[in-house]
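These notes concern the structure reproduced below.
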Amino acid sequence: MIIAIHQPQYLPWLGYFDKIERADAFVFLDTVQFKKNEFQNRNRIKGTNGGQWLTVPVLQRHGQRINEVAINNTDKWRKKHITAVTSCYGKAPFFGEYFGAFEELLSRPWEGLSSLNMETVRLIASILKIETIFYTASELGDFLEDRDGRLVGIVKELGGDTYLAGAGGREYMDTSVYADSGIEVVFQDFKHPVYPQLFGEFVPYLSVVDLLFNVGGSSLDYIRGNI
């Protein structure tokens, strides 16, 4: 059983969904420290001037875990994001097919960042027809605080025998810790596809919504590298 684990991100990029799709189970790692202005509360879409950020404003104290971070709803961020997505993708081929689901989700009265991110990922995975089972680390129990020990504990809790790690894990993971627990480590090898976009030259590493609005039902084939 292949387990993938990652922090819940806002409107993640294609590689995030490649990792989900390659796993039997995916765990939202919501119990680690929040890092502001990374991809936990923002991501990029493409407009007439290239990539632009969509940022969820947060009320955050140093050292808070992701599942403790509140959204700053005094900022009209939901309306801003809906307006920005409409401006960027209103003329995209599949905008009309998928926008309603995003508008409904963003219009809900979200209080916690982690809840917003996880529900957004689940929605997109459903649209992509990814059947991976989702879990949340904070609901699975308490695990060791060190990086590798925590991940080993989660994999074992779910009965996994293989951990699917991001490519960057090669630089910091101690794979012997996993081997000692009978867990095989496989590193993700995602090749970013080139696909039809609006507004000129292709821009990679955007939110998956860019792919979805532009190629629709073929999105997962692009992520898998079949196109």
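The values are calculated or read from the model by the stated rules, or taken from the named source; none is laboratory data. All values derive from a computational prediction rather than experimental measurement. As a convention, Cβ positions derive from the backbone with ideal geometry for all residues, glycine included, and neighbour counts pool all protein chains shown.
Out of curiosity, is Ser107 polar (S, T, N, Q) and within 29 Å of Asn37 (Cβ to Cβ)? So Ser107 fits the description; yes.
Within segment 176-216, restricting attention to residues that are among the β-branched types (Val, Ile, Thr) and in a helix (DSSP H, G or I), the residue that is farthest from Leu128 (Cα to Cα) is Val177.
Yes/no per residue for (1) surrounded by 15 or more Cβ atoms within 10 Å (Cβ to Cβ); (2) part of a strand (DSSP E or B); (3) at pLDDT below 95:
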| position | (1), (2), (3) |
| --- | --- |
| Asp30 | yes, no, no |
| Gln40 | yes, no, no |
| Arg61 | no, no, yes |
| Asp75 | no, no, yes |
| Thr83 | no, no, no |
| Thr86 | no, no, no |
| Lys91 | no, no, no |
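Among the candidates Leu105, Leu59, which residue alone is more than 12 Å from Val209 (Cα to Cα) and either in contact with a strand residue (DSSP E or B) (Cβ under 7 Å, 6 or more places away or on another chain) or of a type in the set (Val, Ile, Thr) (or both)? Exactly one residue qualifies, and that residue is Leu59.
Scan segment 157-167 and give yes if some residue there is at pLDDT below 95, over 15 Å from Tyr10 (Cα atoms) and buried (at least 16 other Cβ atoms within 10 Å of the Cβ), otherwise no. Yes; the residues of segment 157-167 include at least one that is at pLDDT below 95, over 15 Å from Tyr10 (Cα atoms) and buried (at least 16 other Cβ atoms within 10 Å of the Cβ).
Picking from residues in segment 113-123 that are of a type outside the set (S, T, N, Q) and within 14 Å of Thr55 (Cα to Cα), the one that is surrounded by the most Cβ atoms within 10 Å (Cβ to Cβ) is Leu113. Specify the residue that is farthest from Gly216 (Cα to Cα); the eligible residues are those in segment 73-116 that are aliphatic (A, V, I, L, M) and in contact (Cβ under 8 Å) with a residue 40 or more places away in the chain. Within segment 73-116, the match that is farthest from Gly216 (Cα to Cα) is Leu113. Scanning segment 130-152 for residues that are under 11 Å from Thr31 (Cβ atoms) and assigned to a helix (DSSP H, G or I) yields a total of 5. Scanning segment 168-191 for residues that are within 18 Å of Ile20 (Cα to Cα) and buried (at least 16 other Cβ atoms within 10 Å of the Cβ) yields a total of 4. Residues in segment 153-172 that are touching a Phe, Trp or Tyr at 6+ places or on another chain (Cβ under 9 Å) and either in a strand (DSSP E or B) or among the aliphatic types (A, V, I, L, M) (or both) were compared, and the one that is nearest to Arg65 (Cα to Cα) is Ile154. Checked against the criterion of being more than 19 Å from the chain's Cα centre (by Cα) and among the polar types (S, T, N, Q), segment 93-111 contains one or more residues that satisfy it.
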